[in-house]
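Take a look at the structure set out below.
Nothing in this text is a laboratory measurement; each read-out follows from the coordinates by a stated rule. As the structure is a computational prediction, the values presented were derived from the model and not from experiment. Ideal geometry is used to build each Cβ from the backbone, glycine not excepted, and the neighbour counts take in all protein chains shown.
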């Protein structure tokens, strides 16, 4: 018996260390200087916690356990190494969904085990299971949408009523399980309901809003893990899950704020369904040749580059960085201006630029860079659209009115590299493109960047 | 035993820690941080292992197996993608050296 107790203290002490490593790891991850160390700390915590769990008293099924860890681990390792940086958001959604599914599985085993958890822990078990299942199916839908497997946003009238009914049915089943210890069938129905709820909640939401949704599911999975941690009396799960739940909620709010949407707005209404009809834009788009742009930039004092997701899709970031180095060697002050929602998630563009080798100290976010536009000779916009639309600042009827934007229109010259004359993700005409000091350089981002490099070199 | 109000205290304090740690993060790190926190809830693997370890019936074994598989995927995948993203964050000084 005393041996059991000391084994128990070894396990608890290890979980304690793991929890500390998680928190310090997360802390380090919140600064670009220490971020790389942060994930390694957290990783060490995970290894410690996993290894020590094998010593848990009263367990069996080790061969099965190791097989599952091996299959899941290898599949995730290979897919994680292979995925392109542009596809990162959906990969995060996928791994997050797996975590939610695991939490639901824990709840299922506990509920099927027939052991009486009492009212409080029984409630936590079903709640964690429900949240985990919703996060699982919802994240998979988010993955499918971002991956392009599912393109349509399914909407029909009464959708929210249906969701509400589903939620009520799930909660009612949950209550029945807690109070009356339902049999296997009830537990199965409960999980099916929760899984369907996750699907119906997510299908109407458009791709542009997915980052906020993924972040929300990330927070929810954290919460589900914490709840199951209470049921299993596992301190590492409680602390790590709660920390992620809180941090994820804050992150979700920050993202929604950066997109000028409230969370309720993202979840319950489609973008652009409001009646707001944007004012007609007058004037014409004026094209320009690459050679002229090259001269303009090479003899400028300050050039601000505004990249958007279009740049990443065209795989132009390496060429853009080459162009930047070329201009810098000529003494031009080049800076990157990043809108909070550039790319597909806040911070995604920074990752894409970092991949191309752009150092983070010439990359500025919106608050830092906006005062600099009036002194910039050239604002080069490549693959960005809605985030530089001045309508957000001065057209109260525009659907994007009030969204924080980069003030590219304040620069002395604005150059827009763009494939054609189409509108952005929101489908709104961009007033910036029609300004007198704006010129359009039509073409593929990568091809145009290469052309600019050649032209600057030949000067 | 983690019980009653002790559990509640742990929950409250951990929630504050999560909120505070993220509070001052620059927006350039939002994606890696989301990925990093996604990795951290991969600790669910530990719970799934316990659940599988105690499972008896075939149904419990099957669900437990799926749970461990999914938990391992969360932990390993979350680590790999976060590490890949953060590895690229370098300042211009580090580039030159």
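Quick notes on this structure:
- Rounded tilt (10° steps) of A:445-458 against the dominant C-alpha axis of chain A: 40
- Convex hull volume of chain B per residue (C-alpha atoms, cubic angstrom): 140
- Using C-alpha pairs under 8 Å with a sequence gap of at least 6, the mean separation divided by the residue count of the range A:378-459 gives a relative contact order of 31 percent.
- Relative packing of peptides A:89-102, A:222-235, A:168-181 - highest average C-beta neighbours within 10 Å first: A:89-102, A:222-235, A:168-181
- Average other protein chain Cβ within 10 Å of Cβ, residues A:209-221: 2
- When each of the peptides A:349-356, B:69-76 is scored by the mean number of other C-beta atoms lying within 10 Å of its residues, the order from highest to lowest reads B:69-76, A:349-356.
- Legend: mean number of C-beta atoms from other chains within 10 angstrom of residue C-beta atoms, peptide A:38-51, equals 5.
- Degrees, to the nearest 10: A:2-29 long Cα axis against longest axis of chain A: 10
- Restricted to Cα atoms, the range A:145-205 shows a radius of gyration and a Dmax of 14.2, 43 angstrom.
- Helix B:30-40 vs. chain B, principal-axis angle (Cα, 0 to 90°, nearest 10): 30
- Per residue, the convex hull spanned by the alpha carbons of the range A:291-381 comes to 89 Å³.
- Shape category assigned to the range A:352-420 from the gyration tensor of Cα positions, a/c cut at 1.5: prolate
- Pairwise alpha-carbon distances in the range A:303-459 exceed 20 Å for 45% of all pairs.
- Averaging the sequence gap over all C-alpha pairs within less than 8 Å and six or more residues apart, then dividing by the number of residues, gives the range A:366-409 a relative contact order of 39 percent.
- Per residue, the convex hull around the alpha carbon atoms of the range A:388-455 comes to 100 Å³.
- Temperature 25 °C, viscosity 0.890 mPa s: under these conditions the Stokes-Einstein estimate for the range A:48-189, based on its Kirkwood radius over C-alpha pairs, is 139 µm² per second.
- Prolate/oblate/rounded call for chain A, Cα gyration tensor, a/c under 1.5 rounded: prolate
- Take each residue of peptide A:229-237, count the partner chain Cβ atoms within 10 Å of its Cβ, and average: the result is 5.
- Descending semi-axes in Å of the range A:118-180, equivalent ellipsoid built from Cα gyration tensor: 29, 16, 5
- For the range A:286-333, the share of alpha carbon pairs falling in successive 5 Å distance bins from zero is 5, 19, 24, 25, 20, 6 percent.
- When the alpha carbon gyration tensor of the range A:179-272 is reduced to an equivalent ellipsoid, the three semi-axes, largest first, read 28, 20, 8 Å.
- Over chain A, Cα pairs under 8 Å with separation of 6+ residues give a relative contact order of 13 percent.
- The simple spin-label model puts a point 7 Å past each Cα toward its Cβ; for residue A:164 and residue A:62 those points are separated by 5.4 nm.
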